[in-house]
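**Student:** Once you've had a glance at the structure underneath, I'll fire off some questions.
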Amino acid sequence: MKSLWNDTEAAAHAGDLALRCYTSRLLGRDRSLVLHGGGNTSVKLVERNVLGVEEELLYVKGSGWDLETIEEAGFAPVRLAHLRALAGLASLADPVMVSELATNTTRAGAPAPSVEAILHAILPHKFVDHTHADAVLAITNTRDGEARIREAFGDLVVVIPYVMPGFDLARLCAERFPAQAGPSTIGMVLLNHGIFSFGETARQSYERMVSLVDRAEQYLRRERAWDLPAPPAREAPRAARELAALRRSISAAAGFPVVMARHADARSLGFCGRADVADIAGRGPATPDHSIRTKCVPMVGRDTDAYAAAYRKYFAAMEPQAKERKTPLDPAPRLVLDRELGLVGVGRTARDSAIVAEIYAHTMDVIERAEALGGYRALPQKDLFDVEYWDLEQAKLRKGGKPPALAGEVALVTGAGSGIGKACVAALLARGAAVVGLDLNPGVAAMHDRADFLGLACDVTSGEQLAAAIERTADAFGGLDMLVLNAGIFPGGRRIEALPTDEWLRVMRVNVDANLVLLRECHPFLKLSPRGGRVVVIGSKNVPAPGPGAAAYSASKAALNQLARVAALEWGSDGIRVNSLHPNAVFDTGLWTEEVLAARAAHYGKSVEEYKRSNVLRTEVTSRDVAELAAEMCGPLFSKTTGAQVPVDGGNERVI
Ligand code: ZN
């Protein structure tokens, strides 16, 4: 492990707090040190308050901030003297501690200080860094972990036995640290939890962390527990339907729809294919910090009912603590390890499922290295349970409030790169859905950079490309609940006597045939949707009121309309709703350039503004108007409606 400190970068950070941010981000950049909100850092500063009195403050990472992206605003300033006084108490209940931390923070609007703030306060050093380094966990999480840590670090670190994070841990450290620390002490190892380093400058504290973790890595190398055997090369089996079926049963156990992220790379398949996977994975997570996200025990295989039954038993065995928990039992797994599927992260959102999968990718390293050291050993189940159902952490996870209407659900939108399709993607994302956008234009892949969006270049007239896109959808999010059929073409105006057969066929291929294939191929997935599948067809005003010169377009949209009506009839018993929208005169799409618009307006003897509003309501219809209604049709408001056709056209005299 190497230091990422860079003099030029560091020079851009003036002052201790700015440098505290800089080295915190250096830690955050290395995923083998901290993951997703894990780890924390601090700096002790003397500042003059408004009364002119000098005060010692602990600037400690606030909750909700990631080390990788933290800014000065992400550190909460807490009165140091008060924190040190708290450490002297015999006991302090969690909610009281949280209240004390909040009420002794000196900046209004600062984030809640880390629950490890008191621990940072009692360490007699200006800068303190804390990580859950994989290499350190691989050593501590073994039968003789403590002896190995002493062997690896000598008197460089103070060693503290496992105690749940919070006040009791801070108090234990306050007692043990001064007794054990000597002139060579540069850090502290918390068994089964992680490691601290400290120093007088940001650089010193950070580089001590790097050197300590490097020492752990060297130790693993010496013990032949660093390089893991290469997994056997195995092609990832296609498993879209199996994933969707699994997602349905996990969603049923959870009581809400979940998103699943599949990782079927050689490493994950190798781990999941181990004969002893149920045993080693069943021993528990690498550090308690992970058990909140992944739960203490992963599901091995695909029997959700058996897992739920075992989980209920585990929960009951933790009585009487379990009874006191405010968090209700949720017997669904957050992580699946399966021979064929590989590693599958499960979450309420795409981000959650990706976080779970990433955490476990590191857990696999820790487990296999600890196995090579003589045997992976996690904490006793009771300790893990205490953290998994820790009220403070659960409250943090719940803080988002009521989940959005389409949370945990997956949508696929065609023609997603522009116009109505692009607006549909935005409307569905805003309602909490994970969205796959298909478009001919490969630029769709970069349309959104977020965990809940996947953009795929796809020609919808290619059955092969559609099948591949559906496969990718299931791998990325676990299944499919909503389908928005939007892609379509509108060739230039042409009367029937001049309409070439080729053009007619091309319009039919895109506007009708492709949608038949997509409906057919998506049906098994929509049928497995936890809340029932939904299809929204973007039709056209031309269905009820065709226009001259648009024979191919009007006929194709009418055929698609009949297809949607038949789908509504056939699929009602599968719980799938199929509804259509008929937009008209939506001018903010790729079809309508300024020039075309001006030409059409002139043709009718109107100004562009008049032309845009030439409908009964004299209003302009935008892509967003259409998309909001399409997304709403996927939500609870339309839960009792199928086979409907709703105009979005500002009112059209020929339709009314
Ligand atoms: Zn920690």
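The values are calculated or read from the model by the stated rules, or taken from the named source; none is laboratory data. Since the structure is predicted, the reported quantities are computational estimates derived from the model, not experimental observations. As a convention, Cβ positions derive from the backbone with ideal geometry for all residues, glycine included, and neighbour counts pool all protein chains shown.
**Student:** Could you tell me which residue of region 80-119 is surrounded by the most Cβ atoms within 10 Å (Cβ to Cβ), considering only residues that are touching a strand residue (DSSP E or B) at 6+ places or on another chain (Cβ under 6 Å) and among the polar types (S, T, N, Q)?
**Tutor:** Restricting to residues being touching a strand residue (DSSP E or B) at 6+ places or on another chain (Cβ under 6 Å) and among the polar types (S, T, N, Q), the top hit is 114.
**Student:** Is region 418-434 home to any residue that is under 18 Å from residue 481 (Cα atoms), crowded, with 24+ Cβ neighbours inside 10 Å and under 14 Å from the mean Cα position of the chain (by Cα)? Break it down into steps so the answer makes sense when it comes.
**Tutor:** Step one: list which residues in region 418-434 are under 18 Å from residue 481 (Cα atoms), which gives 421, 424-434.
Next, from what is left, pick out any that are crowded, with 24+ Cβ neighbours inside 10 Å: 421, 424-425, 427-428, 433-434.
Now restrict to residues that are under 14 Å from the mean Cα position of the chain (by Cα): 433-434.
So far as region 418-434 goes, yes, one or more of its residues are under 18 Å from residue 481 (Cα atoms), crowded, with 24+ Cβ neighbours inside 10 Å and under 14 Å from the mean Cα position of the chain (by Cα).
**Student:** Something else: Report, by residue number, each residue of region 418-444 that is assigned to a helix (DSSP H, G or I) and not hydrophobic (A, V, I, L, M, F, W, C). Walk me through how you get there before you give the answer.
**Tutor:** The first filter runs over region 418-444 and keeps only residues assigned to a helix (DSSP H, G or I), leaving 419-430, 442-444.
Hits for region 418-444 are 419, 421, 422, 442, 443.
**Student:** State all residues of region 119-131 that are assigned to a loop (DSSP other than H, G, I, E, B) and within 16 Å of the ligand (Cβ to nearest atom); if no residue qualifies, say none. So that I can check it myself, show each step before the final result.
**Tutor:** Of the residues in region 119-131, the ones assigned to a loop (DSSP other than H, G, I, E, B) are 123-126.
Of everything in region 119-131, just one residue is assigned to a loop (DSSP other than H, G, I, E, B) and within 16 Å of the ligand (Cβ to nearest atom), namely 123.
**Student:** Pairs please, first residue from region 188-210 and more than 17 Å from residue 124 (Cβ to Cβ) and assigned by TED's automatic domain parsing to the domain that holds residue 116, second anywhere and of a type in the set (Val, Ile, Thr) and within 11 Å of the ligand (Cβ to nearest atom), Cβ atoms under 8 Å, 6+ apart in sequence or on different chains.
**Tutor:** Hits for this filter: 189/195; 192/287; 193/287; 194/131; 194/287; 195/131; 209/131; 209/195.
Yes/no matrix, rows are residues, columns are (1) within 16 Å of the ligand (Cβ to nearest atom); (2) more than 32 Å from the chain's Cα centre (by Cα):
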| site | (1), (2) |
| --- | --- |
| 110 | no, no |
| 113 | yes, no |
| 133 | yes, no |
| 136 | yes, no |
| 151 | no, yes |
| 154 | no, yes |
| 157 | yes, yes |
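**Student:** Just wondering, is there one or more residues in region 184-198 that are over 21 Å from residue 139 (Cβ atoms), more than 15 Å from the ligand (Cβ to nearest atom) and not charged (D, E, K, R)?
**Tutor:** Step one: filter region 184-198 for residues over 21 Å from residue 139 (Cβ atoms), giving none.
Within region 184-198 (the criterion being over 21 Å from residue 139 (Cβ atoms), more than 15 Å from the ligand (Cβ to nearest atom) and not charged (D, E, K, R)), the answer is no, since none of the residues qualifies.
**Student:** A further question follows. Filter region 609-656 down to the residues that are touching a residue at least 12 places away in the same chain (Cβ under 8 Å), of a type outside the set (A, V, I, L, M, F, W, C), in a loop (DSSP other than H, G, I, E, B) and closer than 30 Å to residue 407 by Cα and list them by number.
**Tutor:** Passing the criteria: 622, 635, 639, 641, 642, 643, 649.
**Student:** Which residues, taken from region 290-314, are at pLDDT 85 or above and aromatic (Phe, Trp, Tyr)?
**Tutor:** Within region 290-314, 307, 311 meet the criteria.
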